[in-house]
Amino acid sequence: MVSDQPSSAMSAQRSVSRDPTMAMVAMEAHVHEHTAVLLAETLVLLKVSAGGRYVDATVGGGGHAEAILSASAREGQLLGLDRDPTTLDAARARLSTFGERVCLVHASFATLARLARTHGFDPCDGILFDLGLSSLQLADAERGFSVHADAPLDLRFDPSSGPTAAELIATLPEDELARMIWRYGEEPRARAIARALVRARARRPLRAAREVAQVVAEASGYHGGRTHPATRTFQALRIAVNDELAAIEAALPQAVDILAPGGRLVVIAFHSLEDRLVKRFLHAQAHPCICPPRLPACVCGRQPRLRVLTPKAVRPLAEELARNPRSRSARLAARRGRAGPAAAPADLRAPAGAGGARIRPPGEPRGRCRLRRAGAPGHPPAAAGDHRAASLPACRDARARPRGT
């Protein structure tokens, strides 16, 4: 429901509706077969402006890239990366009208910093990661990404590198296969599924996606439900084949390194493994203090490199879910480079009378600060006569940084 959305999501949508240019860009992007997820929110949170320099680390079909280039006209530039040569060709055709303003590279975002320096995007004003599977890849019946595809079970983003998913199933021992399905697919029936796959491969080679999905469905014991019983297993195989989590872990620190002061980092994740990894990294960058919790003030000297723009994950609104059901799992998180302006962006503050909590501007203290009595930096002493200050224990969060900084 719309009322369940964080205030930042609703404010982003309101900002887009008030800006005719961004509203037009958002509508045009939905005309294409490839529908960009959380497009309006991404444009607002990236704060796309004319002449900006942006990196789309997962350009896919080019939906987000097209919107960014349109909103940053006429001098804006974009570097687009993708491991999949097929989707990169689709993006190249879609973005051909932008000429030299766009640079598309067939590469993994695991080497983001090197690629940005090579192509002149260090520093840049905004970076977007749209993680997970592209709708173009799901629609390609020859790649085996769909559990219903009667095609070889490949699942590689880059068909020229690494073993296929079918080769993993054919070669991994049962214990390793079960561990992989449990770790990357969070599948409770991982052992039973691995056992069934090993028995099935002993009778005949498992090569087709639909054939593997049938074996998994029978072993899982699931009946009905919104998703196919083999969805989690296919997710695990895809993550393992492409080493997706390791690439994310390598890319995120590089993104912070090449981000200009005040630049924006936006990450869209689709499953819990990606989401947890992203959340932990972004939290550590915004709250890096390692001091013991009982210290009255930070003494480690570690400074945050990012500021929070979305305290809660931004999720698709009801209209987008009706238009694009595949967006139901999308979760967006956004951060800003530390050296940006002191006040929170106006487009992220909930206006008076709007639902949801207002995002506190960086530097605005919390109520009932528990470190006032210690006179910690950023915590003004208690007012005269405030008897509560002397009795409050030291705040467990010794950094005492306001949320949103």
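Tabulated values for the structure
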quantity	calculated
Residue, nearest to residue 156 (Cα to Cα), within the range 221-249, restricted to residues that are in contact with a Ser or Thr (Cβ under 8 Å, 6 or more places away or on another chain) and of a type in the set (Gly, Ala, Ser)	247
Options 236, 202; residue that is farther than 21 Å from residue 334 by Cβ, under 21 Å from the mean Cα position of the chain (by Cα) and at pLDDT 95 or above	236
Scan of the range 106-151 for residues that are touching a Gly at 6+ places or on another chain (Cβ under 9 Å), under 22 Å from residue 90 (Cβ atoms) and surrounded by 22 or more Cβ atoms within 10 Å (Cβ to Cβ), ordered by number	127, 130, 134
When residues of the range 55-85 are limited to those that are hydroxyl-bearing (Ser, Thr, Tyr) and over 20 Å from residue 113 (Cα atoms), the one surrounded by the most Cβ atoms within 10 Å (Cβ to Cβ)	72
Test for residue 277: is it hydrophobic (A, V, I, L, M, F, W, C) and either outside any loop (DSSP other than H, G, I, E, B) or at pLDDT 95 or above (or both)	yes
Residue, nearest to residue 241 (Cα to Cα), within the range 53-91, restricted to residues that are in contact (Cβ under 8 Å) with a residue 60 or more places away in the chain and hydrophobic (A, V, I, L, M, F, W, C)	57
Enumeration of residues in the range 301-326 that are surrounded by 21 or more Cβ atoms within 10 Å (Cβ to Cβ) and within 14 Å of residue 270 (Cα to Cα)	314, 316
Residue check, residue 67 assigned to a helix (DSSP H, G or I), small (Gly, Ala, Ser) and within 24 Å of residue 306 (Cα to Cα)	no
Tally, over the range 189-230, of residues that are surrounded by fewer than 21 Cβ atoms within 10 Å (Cβ to Cβ) and under 20 Å from residue 270 (Cβ atoms)	4
Number of the condition not met by residue 229 [criteria: (1) part of a loop (DSSP other than H, G, I, E, B); (2) in contact (Cβ under 8 Å) with a residue 24 or more places away in the chain; (3) in contact with a helix residue (DSSP H, G or I) (Cβ under 8 Å, 6 or more places away or on another chain)]	(2)
Test: residue in the range 115-123 that is modelled with pLDDT of 95 or more, of a type outside the set (Phe, Trp, Tyr), assigned to a helix (DSSP H, G or I) and touching a Leu at 6+ places or on another chain (Cβ under 9 Å)	yes
Odd one out for residue 260, checked against (1) more than 19 Å from the chain's Cα centre (by Cα); (2) surrounded by fewer than 16 Cβ atoms within 10 Å (Cβ to Cβ)	(2)
Matching residues in the range 296-326 - criterion: being in a loop (DSSP other than H, G, I, E, B) and over 16 Å from the mean Cα position of the chain (by Cα)	296, 297, 298, 299, 300, 301, 302, 303, 304, 305, 317, 324
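The values are calculated or read from the model by the stated rules, or taken from the named source; none is laboratory data. Given the structure is predicted, the values throughout are model-derived calculations rather than measurements. Here Cβ is always computed from backbone atoms with ideal geometry, including for glycine, and neighbour counts include all displayed protein chains.
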